[in-house]
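K.L.:
This is the structure I have questions about; it appears just below.
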Amino acid sequence: MTDAPAPLADPHLVYDPVAGDGPKDVVILGSTGSIGTQAIDLVLRNPDRFRVTGLSANGGRVALLAEQAHRLRVRTVAVAREDVVGALREALAAWYGAGEPLPEILAGADAATRLAASDCHTVLNGITGSIGLAPTLAALEAGRTLALANKESLIVGGPLVRALAKPGQIIPVDSEHAALFQALAAGTRADVRKLVVTASGGPFRGRTRDELANVTVEDALAHPTWAMGPVITINSATLVNKGLEVIEAHLLYDIPFDRIEVVVHPQSYVHSMVEFTDGSTLAQATPPDMRGPIAIGLGWPERVPDAAPVFDWSKASTWEFHPLDNEAFPSVNLARHVGGLGGTAPAVFNAANEECVEAFRAGALPFNGIIDTVVRVVEEHGTPRPGTSLTVPDVLEAETWARARTREMTARTASAEARA
């Protein structure tokens with residue numbers, strides 16, 4: 001009998017690639033997005049703990065990226081879009097004084113990947129989507145601590161990440177996985193009976209599948225508790241995000257899928273729970289605010305004082321928990337199935353969903369059509385061949401196929417609806 005694989009994220013282990021005094025040098029990938037801007041807020045309030053050496057962004061918010069670079073005095077700025085390099089250089093020059101050297105600029109599709117391997121202590125991967133896989137692998141291979149907010153890179157490349165990550169090298173930044181990480185610190189791996197991942201239920205909690213048939217993009221973007229980007233917000237509405245988090249929890253903590261439960265908690269105060277074998281359950285709770293999980297990712301094993309707001313226990317409040325409606329929201333069970341298949345199936349699931357979300361936002365697909373289409377693409381992809389090893393080209397090929405096939409299906413759906 002062989003030993004079970006060690007969990008990727010373990011609060012009892014501390015990986016410190018650059019031990020020493022002074023602030024930790026941090027690289028922030030996706031600096032102009034939701035995670036990135038909140039991370040920068042945390043850093044600016046804690047200059048004795050953190051120093052940002054590099055920033056990366058897609059390039060859609062050049063003025064903000066230049067302002068961030070100046071405020072943080074970074075060495076390097078990376079941008080994925082080569083066509084905005086001129087505008088970025090002008091924006092930087094407007095912030096920096098005459099004769100003051102500008103930061104180094106990296107540009108192109110691999111810019112974030114190159115930055116992730118640069119000299120620093122911790123890389124915060126706050127990129128959205130599976131394009132975060134290459135930077136995740138680069139950070140791990142370079143020996144950096146990885147504060148991982150980009151769940152998709154772990155979903156699509158789990159075996160690749162597992163092969164590179166050293167014990168304690170990954171600190172999860174998702175609110176749910178940061179909660180599990182903290183609760184797991186209270187016991188040993190053998191003490192754990194179940195992981196309980198909480199879900200707000202999104203904007204459509206309590207609705208039946210029939211009642212979801214005609215919801216609009218505006219309806220789906222109206223999340224009741226979290227302010228996130230449009231893709232993540234719609235994933236929350238379909239609960240695909242929770243399915244991805246179940247796969248992520250399985251990979252991070254090496255807990256079987258049948259011991260990972262999802263429960264709906266509308267207030268979003270309890271971010272997840274761990275049930276132990278003695279019958280006790282530990283819940284990690286804070287008001288909804290991502291700066292707490294970001295602080296865990298950047299600061300662990302130390303806590304950052306006043307990183308996030310706290311509860312006012314002098315005021316009465318009610319915390320609710322409800323079972324998940326798997327008929328209205330089948331995405332979690334689909335994710336369990338996909339995670340069990342392994343191989344390139346998670347990459348196909350994730351890529352198909354990303355394409356379906358874009359089709360829904362463009363009015364080419366109804367809300368229920370998102371998961372219906374993903375199911376069809378996953379089924380068509382089939383079961384991975386046993387005994388095959390996953391490679392980066394495998395992932396890219398599967399994603400390319402899934403995106404093309406999903407576009408074909410959504411185009412047919414749009415055409416059929418136009419004729420109806």
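K.L.:
When you scan the range 247-275, how many residues do you find that are of a type outside the set (S, T, N, Q), touching a residue at least 24 places away in the same chain (Cβ under 8 Å) and farther than 14 Å from Arg162 by Cα?
P.N.:
Residues in the range 247-275 being of a type outside the set (S, T, N, Q), touching a residue at least 24 places away in the same chain (Cβ under 8 Å) and farther than 14 Å from Arg162 by Cα: 16 in total.
K.L.:
If you don't mind, there's one more thing I want to ask. Kindly state which strands (runs of 3 or more DSSP E) lie completely within the range 80-170 and contain at least 3 residues that are free of Cβ contacts under 8 Å to residues at least 60 places away in the same chain.
P.N.:
Passing ranges, in order: 104-107.
K.L.:
Being basic (Lys, Arg) and in the same structural domain as Thr145 (by TED's automatic domain parsing) is the filter here, so list the residues in the range 160-211 that pass it.
P.N.:
Arg162, Lys166
K.L.:
Just wondering, is there one or more residues in the range 217-226 that are buried (at least 24 other Cβ atoms within 10 Å of the Cβ), assigned by TED's automatic domain parsing to the domain that holds Ile371 and either within 25 Å of Ala138 (Cα to Cα) or modelled with pLDDT under 95 (or both)?
P.N.:
Checked against the condition, which is being buried (at least 24 other Cβ atoms within 10 Å of the Cβ), assigned by TED's automatic domain parsing to the domain that holds Ile371 and either within 25 Å of Ala138 (Cα to Cα) or modelled with pLDDT under 95 (or both), the range 217-226 yields at least one hit.
K.L.:
Only one residue in Ala237, Ala186, Ala190 is surrounded by fewer than 24 Cβ atoms within 10 Å (Cβ to Cβ) and in a helix (DSSP H, G or I), so which one is that?
P.N.:
After applying the criteria, what remains is Ala190.
K.L.:
I've got another one for you. Report, by residue number, each residue of the range 260-295 that is in contact with a Leu (Cβ under 7 Å, 6 or more places away or on another chain) and within 20 Å of Asp312 (Cβ to Cβ).
P.N.:
Residue satisfying the conditions is Arg291 alone.
K.L.:
How many residues are under 13 Å from Pro23 (Cβ atoms), crowded, with 16+ Cβ neighbours inside 10 Å and of a type in the set (A, V, I, L, M) if we restrict to the range 40-65?
P.N.:
So the answer is 3.
K.L.:
Can you tell me how many residues within the range 222-255 are in contact with a helix residue (DSSP H, G or I) (Cβ under 7 Å, 6 or more places away or on another chain) and more than 23 Å from Phe367 (Cβ to Cβ)?
P.N.:
7
K.L.:
Find the residue count for the range 299-355, including only residues that are among the aromatic types (Phe, Trp, Tyr) and at positive phi.
P.N.:
Number of matching residues: 0.
K.L.:
Under 8 Å between Cβ atoms, at least 6 apart or on separate chains: pull out the pairs that start in the range 396-415 with a residue that is over 14 Å from Asp372 (Cβ atoms) and assigned by TED's automatic domain parsing to the domain that holds Pro346 and end on any residue that is surrounded by 22 or more Cβ atoms within 10 Å (Cβ to Cβ) and of a type in the set (Lys, Arg).
P.N.:
none
K.L.:
Right, another one. Would you check which residues across the range 351-370 are buried (at least 19 other Cβ atoms within 10 Å of the Cβ) and in contact with a Leu (Cβ under 7 Å, 6 or more places away or on another chain) and list them?
P.N.:
Scanning the range 351-370 gives Cys356, Ala359, Phe367.
K.L.:
Moving on. Being out of contact with any Phe, Trp or Tyr (no Cβ under 8 Å at 6 or more places or on another chain), surrounded by fewer than 19 Cβ atoms within 10 Å (Cβ to Cβ) and hydrophobic (A, V, I, L, M, F, W, C) is the requirement here; does Leu88 meet it?
P.N.:
So Leu88 fails the test.
K.L.:
Residues to consider are Ser56, Ser31; find the one that is hydroxyl-bearing (Ser, Thr, Tyr), touching a Ser or Thr at 6+ places or on another chain (Cβ under 8 Å) and in a loop (DSSP other than H, G, I, E, B).
P.N.:
Exactly one residue qualifies, and that residue is Ser31.
The values are calculated or read from the model by the stated rules, or taken from the named source; none is laboratory data. These numbers come from a predicted model, not from an experiment. FYI the Cβ positions are ideal-geometry reconstructions off the backbone, even for glycines, and counts take in every protein chain you see.
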